[in-house]
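Read the structure below first, then the notes.
Values quoted throughout were computed directly from the atomic coordinates according to the rules given, and no laboratory measurement underlies them. On a predicted model such as this, the values are computed, not experimentally measured, just so you know. Cβ sites come from the backbone with ideal geometry, for glycine too, and all protein chains shown count toward neighbours.
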Amino acid sequence: MREKILNIAIEEFAKKGYFGASTNVISKKANVSKGALFYHFKSKEGLYIECFKSFIQLFELEFLKFYNENDNLDFFTFLLKWSQRKVEMTNEMKYVLDFFETIKNIPKNIEEKIQDILSKNYEKYIPFLWEKFEKLNLRKELDKKFAFSMVLDFFETFSKRYYKTTIEPKKIFLDFKNVMEIIKYGILE
């Protein structure tokens, strides 16, 4: 029942945004009472956050699968191919882009919770990425941990750049590819 409610809620939020979505409509479409809906999710805010978490969990599971299937790739190739895979996933999953678009117009307290979820999720990837980064042949004068930290900061700043803009996965991927080129080769001739 919980999964059914989540799927219907994702569709409702994706179509109408946070403010336009109705828990009455969600409970009616899910064929459950509003009491049952709030038993599982406590509030509209709780339901929205659980919808968001469900996408994050799907991406996390796919990341682990992708990582295990691509353990031979170097750090930069891995990141590039992983970002390609994320674009494919957003195109495959119904309502994912529309749902992520709704994040632009949500109450501040929910936005803060979403940012917290994203930060905690991001931390989970660091050991996997470090394992790949550690194998790179950097210039001898560079401190590997510092360089890794700077690269991660660069990518985090890059992703925040698109947080409140219209999501165009292909454009984001091309921009990401350019960022990777800058990190690998610099900006000077």
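Would you list 49, 26, 10 from fewest to most Cβ contacts within 10 Å?
On the way: 49 18, 26 23, 10 26.
Ordered by Cβ neighbours within 10 Å, fewest first: 49, 26, 10.
Once Rh is set to the Kirkwood radius over Cα pairs, what Stokes-Einstein translational diffusion coefficient, in µm²/s, holds for segment 5-157 at a temperature of 10 °C and a viscosity of 1.306 mPa s? Could you put the intermediate results ahead of the total?
Values: Rh = 17.6 Å.
The calculation lands on 90 µm²/s.
If each residue of separation counts as 0.36 nm, what is the full-extension length gain between residue 143 and residue 159 once their alpha-carbon separation is subtracted?
Gain on stretching residue 143 to residue 159: 3.3 nm.
Of the chain, which part is the longest with no trypsin sites (Lys or Arg not before Pro) in a loop (DSSP not H, G, I, E, B) and with at most 13 other C-beta atoms within 10 angstrom? Write out the running numbers ahead of the final one.
Values: sites that count: 42, 94, 135, 139, 140, 164.
Between the exposed loop sites, the longest stretch runs 43-93.
At what distance in nm do the modelled label points of residue 42 and residue 77 sit from each other, each positioned 7 Å from its Cα along Cα→Cβ?
In this crude spin-label approximation the distance works out to 4.6 nm.
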